[in-house]
Amino acid sequence: MDIQGKATKLKLTDFSSPQIKTFWITSIAFFMCFFSWFGIVPFMPQVMKDLSLTPQQKYNSIIAAVSGTIFARLLLGKLCDKFGPRLCYTWMLILGSLPVIGIAFVQNYEQFLFCRILIGFIGASFVITQVHTSLMFAPNCVGTANATSAGWGNLGGGANRLGMPIIAGIVIACGVAEAEAWRWSMGVAGVSCFIMGIVYFFFTQDTPEGNFKELKAAGKIKTDKESKKESGFLTAAKDYRSWILFLVYAGCFGIELTVYGIMDDYLQAQFDLSRAAAGTMVACFALMNIFARTLGGVCGDKFGIKKGLKGRVQFLTMIMVVEGIILACFSQITYFPLAIVVLILFSLSVQMAEGATFTVVPFINKKCVGSVSGIVGAGGNAGAVLAGLLLKSQNQAATAAGQTEAAGISNSFLILGGLIVFAGIATALVRFSAADEAKVAEETKKSLEAATV
């Protein structure tokens, strides 16, 4: 859909404009969802003790935490096209807060696993965030806006390593038993998501021109019946480019999710670090989202301005191949100082690849941006599920061979590195018609002219 009034600059201090106000609110909402999504990770040793979990049950819970998100992202992408991102985010935050609160009351493995599956649904917040910023920003800066909002939201996955222990310390200071602190901390996270849902409803709008409902009534957006033949989930699903980007996002965001879930254990086992030290390092890895994902978006936009849509694809291809090579190298390193340097490079490349992916997504089909975003976003979680299954199988194989858990993880990282390189090469198959290239080139030219005014 062609929406007028899109911002041509990401002017972060312009709080009076609906574009920037929405940018901040959607970024904060995504941060809180990500914070809650992986909020249980810092407490896993205590959870395993309280619920008598086995290592295999721990791996199952890691897979469960990302599996439910696959279907939620596909569904919410379609719903965003139909109802708009404002209502979708509002209801997802309110309903998604319930299992976050509910995990505080679990008493056994089955209940814990069930809650982790449902909590994974709030990971679909990413799709809504990308749709909302895509509707608010012009072609010359939409990649930067998408990457920055997503990157700052992803910070929640690292901030919870530091924030959750702080929340636990506060509730303990208020008289809660230390063994129950993780339950209260998850409850606090869930209530925060619920409140954010209310904020989202009252302080955002779907587009610069207004909400979907009003725009449809005014004839500025086609009604569901009118647009059914032109757009929708099936249209996005029939486009091969959606599935190539599905594969690409599996190879970047899917791997980042996997790293969030397992890198603590790997650093402890491979380099004999304490849990606190390993957790701090993983937090730093996630905190690189402050700039790394944005950098990928900026580079994608720059390539797009200079070389058109094919330039965006070329940069994405390059950064994916680099990411895969770095991960494969990291898997073979046993010297700690060198491992940290390579881990930083991997963190930079994987987050830049995520940002670069969503400099391409808004241009696949403007009539169903939500559905395309949902398919591509689901790819990230599908990648995490498959990577989790690979980790589980490699861990079992290493145990059977009398090797350590670190050996199983190392083998998994090597295999994943090769698969990422393959996904990067496949990106080169994404093509755009001459008409699409010309249309976007004209829109970009007008956006750049408007940005200089």
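Of note:
- Which listed residue is out of contact with any helix residue (DSSP H, G or I) (no Cβ under 7 Å at 6 or more places or on another chain) and touching a residue at least 60 places away in the same chain (Cβ under 8 Å), from 71, 34: 71
- The single condition from (1) closer than 17 Å to residue 111 by Cα; (2) hydroxyl-bearing (Ser, Thr, Tyr); (3) surrounded by 23 or more Cβ atoms within 10 Å (Cβ to Cβ) that residue 26 fails is (1).
Let's see how each residue does on (1) modelled with pLDDT of 95 or more; (2) surrounded by fewer than 22 Cβ atoms within 10 Å (Cβ to Cβ); (3) closer than 23 Å to residue 256 by Cα:
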site: 85; (1), (2), (3): yes, no, no
site: 89; (1), (2), (3): yes, no, no
site: 98; (1), (2), (3): yes, yes, no
site: 106; (1), (2), (3): yes, yes, no
site: 122; (1), (2), (3): no, no, yes
site: 140; (1), (2), (3): no, no, no
site: 150; (1), (2), (3): no, no, yes
site: 159; (1), (2), (3): no, yes, yes
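- Among residues of region 1-45, those that are of a type in the set (A, V, I, L, M), part of a helix (DSSP H, G or I) and out of contact with any strand residue (DSSP E or B) (no Cβ under 9 Å at 6 or more places or on another chain), counted: 6
- Candidates 433, 412, 447: the one that is surrounded by 14 or more Cβ atoms within 10 Å (Cβ to Cβ) and either without any contact (Cβ under 8 Å) to a residue 12 or more places away in the chain or over 30 Å from residue 339 (Cα atoms) (or both) is 447.
- Residue tally, condition in a helix (DSSP H, G or I), aromatic (Phe, Trp, Tyr) and either more than 26 Å from residue 183 (Cα to Cα) or within 19 Å of the chain's Cα centre (by Cα) (or both), over region 107-162: 3
- Selection count, region 306-323, where residues are of a type outside the set (A, V, I, L, M, F, W, C), assigned to a helix (DSSP H, G or I) and within 17 Å of residue 431 (Cβ to Cβ): 6
- Out of 339, 387, one residue alone is aliphatic (A, V, I, L, M), farther than 20 Å from residue 241 by Cα, in contact (Cβ under 8 Å) with a residue 60 or more places away in the chain and surrounded by fewer than 24 Cβ atoms within 10 Å (Cβ to Cβ). It is 339.
- Top-ranked residue of region 178-204 - restricted to ones that are among the hydroxyl-bearing types (Ser, Thr, Tyr) and under 20 Å from residue 121 (Cα atoms), ranked as farthest from the chain's Cα centre (by Cα): 185
- Number of residues in region 89-104 that are within 18 Å of the chain's Cα centre (by Cα) and of a type in the set (Phe, Trp, Tyr) equals 1.
- Test: residue in region 52-67 that is modelled with pLDDT of 90 or more, within 16 Å of residue 129 (Cβ to Cβ) and surrounded by fewer than 18 Cβ atoms within 10 Å (Cβ to Cβ): no
- Those residues of region 175-209 which are free of Cβ contacts under 8 Å to residues at least 24 places away in the same chain, of a type in the set (Val, Ile, Thr) and surrounded by 15 or more Cβ atoms within 10 Å (Cβ to Cβ), in sequence order: 176, 188
The values are calculated or read from the model by the stated rules, or taken from the named source; none is laboratory data. Nothing here was measured: the structure is a model prediction, and the numbers come from that model. Note: ideal-geometry Cβ built from the backbone for every residue, glycine included; neighbour counts use all protein chains shown.
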